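First comes the structure, then the notes that go with it.
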Amino acid sequence: MVEKVQMLKEEAMQALQAASNLPELDDWRVKYLGRKGGAVTQLLRSIPELPAEERPAFGQAANELKGFLQERYEARHAELSRPTVEMTEAIDVTLPGRPVNLGRLHLTIQTLREMYAIFGQMGFQVEEWPEVETDLLNFELLNMPPHHPARDMWDTFYVNPKVVLRTHTSPGQIRSMRKHCSDPIRIILPGKCYRYEAVTARSEFMFYQVEGLAVGRRITLADLKGTMVDFARQMFGADREVRFRCSYFPFTEPSVEVDMDCIICGGEGCRVCKHTGWVEICGAGMVHPQVLSNGGYDPDVYSGFAFGMGPERVAMLKHDIDDIRYFYSNDLRFLKQFG
Ligand code: PHE
């Protein structure tokens with residue numbers, strides 16, 4: 001009799017596996033566990049007809065089977081109730097996917113890389129120096145002793161009386177000269193600079209500069225001019241013109257302001273060039289003899305030129321952006337337009 005229970009169990013389990021949807025599963029339930037004609041129910045009902053000695057073992061086996069099948073039934077029910085693609089049609093596989101947000105380089109970094117490529121072709125290598133700088137390097141060794149009025153050209157964030165956030169990349173001139181120890185130099189020094197200034201459409205308290213420095217035995221103002229013309233033409237178009245205007249920086253002599261004919265109006269006069277036809281692209285000059293010797297180069301033997309350019313300014317001219325505040329206010333609608 002106990003074999004009969006075992007056989008029924010095997011049969012029921014096979015049928016359960018074969019039930020592949022909820023209606024079939026329900027048929028299975030009626031057939032095996034149904035209260036009236038279910039196979040297991042019938043088995044239990046037949047107990048009283050058995051010889052007394054067989055009843056306990058058979059009864060126990062039949063009850064165990066009932067519990068076992070009940071459990072299996074519930075598990076299978078849960079399995080078949082899970083939504084599937086076919087059953088619910090909830091996923092429309094023809095829908096376009098969600099766009100993946102790709103990162104991109106910041107406009108300043110893109111512009112810096114373009115600048116590296118252009119100056120790189122002219123033989124300039126990139127060097128970087130600290131943003132937190134000593135007063136000595138940021139000012140004194142660039143010909144500005146403590147009470148020199150030219151310090152007013154740069155409103156300064158002081159970390160302590162002897163340490164500043166660099167106001168320009170020019171202290172890198174001294175650092176690089178000291179590193180290269182009288183070898184010829186042709187480098188650019190990019191990096192962040194800080195000024196304690198009100199933020200306006202034209203000035204930020206943090207911005208980048210690219211310092212350029214060339215030192216050698218016969219470097220002249222003509223080399224500076226050639227470098228500036230070549231840069232302007234590669235960056236802004238082959239027919240660009242460049243002019244020098246007299247200026248003053250304590251660490252260059254002579255000092256100049258470098259202008260380029262306006263790329264928007266081609267020199268006619270417009271909003272961008274304030275109707276002058278020219279836009280300023282950097283400050284520059286011949287390295288002051290005192291600065292050369294502060295860097296360890298004999299000014300009787302060596303000469304050099306230096307310039308300081310603002311990559312944000314370059315990007316603003318190139319893309320006709322009229323407010324520098326867009327650069328670092330993290331508005332993705334602006335930043336996403338580039339790259
Ligand atoms: N450091 C100057 C500035 O920040 C620019 C400059 C660099 C001028 C190199 C001359 C030579 O305004």
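Okay, here's what the table says:
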read-out: Region 17-31: number of residues that are open to solvent by less than 80 Å² (accessible area, probe 1.4 Å) and either more than 17 Å from Thr41 (Cβ to Cβ) or among the acidic types (Asp, Glu) (or both); value: 8
read-out: Pair list, Cβ under 7 Å, 6 or more apart: region 141-162 residue in the same structural domain as Met206 (by TED's automatic domain parsing), other residue open to solvent by 70 Å² or more (accessible area, probe 1.4 Å) and within 16 Å of the ligand (Cβ to nearest atom); value: Asn143/Gln290; Asp155/Tyr196; Thr156/Tyr196; Phe157/Tyr196
read-out: Filtered residues of region 273-288 (kept if open to solvent by 50 Å² or more (accessible area, probe 1.4 Å), part of a strand (DSSP E or B) and more than 14 Å from the ligand (Cβ to nearest atom)); value: Trp278
read-out: Cβ pairs under 7 Å, 6+ apart, first in region 19-39 and part of a loop (DSSP other than H, G, I, E, B), second among the hydrophobic types (A, V, I, L, M, F, W, C); value: Ala19/Leu25; Ala19/Trp28; Asn21/Leu80; Gly38/Val30
read-out: Odd one out for Val291, checked against (1) within 14 Å of the ligand (Cβ to nearest atom); (2) part of a strand (DSSP E or B); value: (2)
read-out: 3 or more residues surrounded by fewer than 19 Cβ atoms within 10 Å (Cβ to Cβ) and more than 16 Å from the ligand (Cβ to nearest atom): qualifying strands (runs of 3 or more DSSP E) within region 83-191; value: 158-160
read-out: Meets criteria (at pLDDT below 95 and of a type outside the set (Val, Ile, Thr)) for Gly266; value: yes
read-out: Scan of region 215-240 for residues that are touching a residue at least 24 places away in the same chain (Cβ under 8 Å), touching a strand residue (DSSP E or B) at 6+ places or on another chain (Cβ under 9 Å) and open to solvent by 60 Å² or more (accessible area, probe 1.4 Å), ordered by number; value: Arg217, Arg218, Thr220, Leu221, Asp223
read-out: Gly295 vs. criteria without any contact (Cβ under 8 Å) to a residue 24 or more places away in the chain and either of a type in the set (Ser, Thr, Tyr) or surrounded by 15 or more Cβ atoms within 10 Å (Cβ to Cβ) (or both); value: no
read-out: Complete set of residues in region 40-63 that are of a type in the set (D, E, K, R) and without any contact (Cβ under 8 Å) to a residue 24 or more places away in the chain; value: Arg45, Glu49, Glu53, Arg55
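Table: residues versus (1) within 25 Å of Arg178 (Cβ to Cβ); (2) within 16 Å of the ligand (Cβ to nearest atom); (3) without any contact (Cβ under 8 Å) to a residue 24 or more places away in the chain; (4) outside the structural domain of Cys270 (by TED's automatic domain parsing).
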| residue | (1), (2), (3), (4) |
| --- | --- |
| Val301 | yes, no, no, no |
| Phe307 | yes, yes, no, no |
| Met316 | no, no, yes, no |
| Tyr326 | no, no, yes, no |
| Leu332 | no, no, yes, no |
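The values are calculated or read from the model by the stated rules, or taken from the named source; none is laboratory data. These figures come from a predicted structure and were not determined experimentally. We place every Cβ from the backbone using ideal geometry, glycine too, and count neighbours over all the protein chains shown. Side chains are part of the model used for accessible areas, which takes the heavy atoms of the whole protein and leaves out ligands, DNA and RNA. Shrake-Rupley method; radii C 1.70, N 1.55, O 1.52, S 1.80 Å.
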